[in-house]
Amino acid sequence: MLNLPALILYNGDWSKYEEVLYAVFKRDFLNSQPILKKHKVFIIKEPKFKNKEATFWHITSKGKIESERTPDIRKCERIAWIKPIIESYPHQDVKAWLIKKGGTRVCLCYGNWEYLAVLRRIKKGFLLITAHPVEYNNTKRKLEKQYKDFKNTKTAY
């Protein structure tokens, strides 16, 4: 089984918790970059909100309108999982497949459809689009179908 970092549990003080999360984000995405198949993984830096990059807010909160996003504790707790999931591929606990949506996207799903990271292929490597726990059974079934359909028509990613 892939050995992922422990969950980062909410401590009751949101501003301190946010800074702990941001320190992990800085370590994993600003001070270094994950590598997927010998290519760097980049993040979306702009627009910044509260002096933090757009990708940080996207992987720790939910909502369609960026300025109105609300914290998502399950996303926050797992922020330290993203880099090891990306860098562990290929690993038996990480399923990978490609989809066409705004270009070619790589889906990396950990475990039994528990956690999903989506990256877009760009000229210089990959761009982290999103990463989040997979909460609903219908979403798990959809991801499993995408994976099986890809495996039935393509070689392994």
Which one of these does HIS91 not meet: (1) touching a residue at least 40 places away in the same chain (Cβ under 8 Å); (2) farther than 16 Å from ILE44 by Cβ; (3) in contact with a His (Cβ under 8 Å, 6 or more places away or on another chain)?
-> (3)
Can you tell which of LYS45, LYS83, LYS64 is closer than 25 Å to LEU30 by Cβ and not in a helix (DSSP H, G or I)?
-> LYS45
Taking only segment 5-55 into account, find how many residues are among the acidic types (Asp, Glu), modelled with pLDDT of 95 or more and farther than 14 Å from ILE79 by Cβ.
-> 1
Can you name the condition, by its number, that THR130 falls short on among (1) farther than 21 Å from ASP28 by Cα; (2) surrounded by 14 or more Cβ atoms within 10 Å (Cβ to Cβ); (3) among the polar types (S, T, N, Q)?
-> (1)
Scanning segment 86-101 residue by residue, the ones that are charged (D, E, K, R), in contact with a strand residue (DSSP E or B) (Cβ under 8 Å, 6 or more places away or on another chain) and in a loop (DSSP other than H, G, I, E, B) total 1
Taking PHE25 as meeting all but one of (1) within 25 Å of ILE122 (Cα to Cα); (2) part of a helix (DSSP H, G or I); (3) without any contact (Cβ under 8 Å) to a residue 12 or more places away in the chain, write down the number of the exception.
-> (3)
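Got at least one residue in segment 87-94 being over 30 Å from TRP14 (Cβ atoms), among the hydroxyl-bearing types (Ser, Thr, Tyr) and surrounded by 12 or more Cβ atoms within 10 Å (Cβ to Cβ)? Spell out the reasoning first.
Applying the first criterion (over 30 Å from TRP14 (Cβ atoms)) to segment 87-94 yields 88-94.
Remaining after also requiring among the hydroxyl-bearing types (Ser, Thr, Tyr): 88-89.
Narrowing the set further to residues that are surrounded by 12 or more Cβ atoms within 10 Å (Cβ to Cβ) leaves 88-89.
Yes.
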Would you check which residues across segment 117-139 are of a type in the set (Gly, Ala, Ser) and in contact with a helix residue (DSSP H, G or I) (Cβ under 9 Å, 6 or more places away or on another chain) and list them?
-> ALA117, ALA131
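The values are calculated or read from the model by the stated rules, or taken from the named source; none is laboratory data. Keep in mind that this is a model prediction, so the values were computed, not measured. Neighbour counts run over all protein chains shown; Cβ positions are idealised from the backbone, glycine included.
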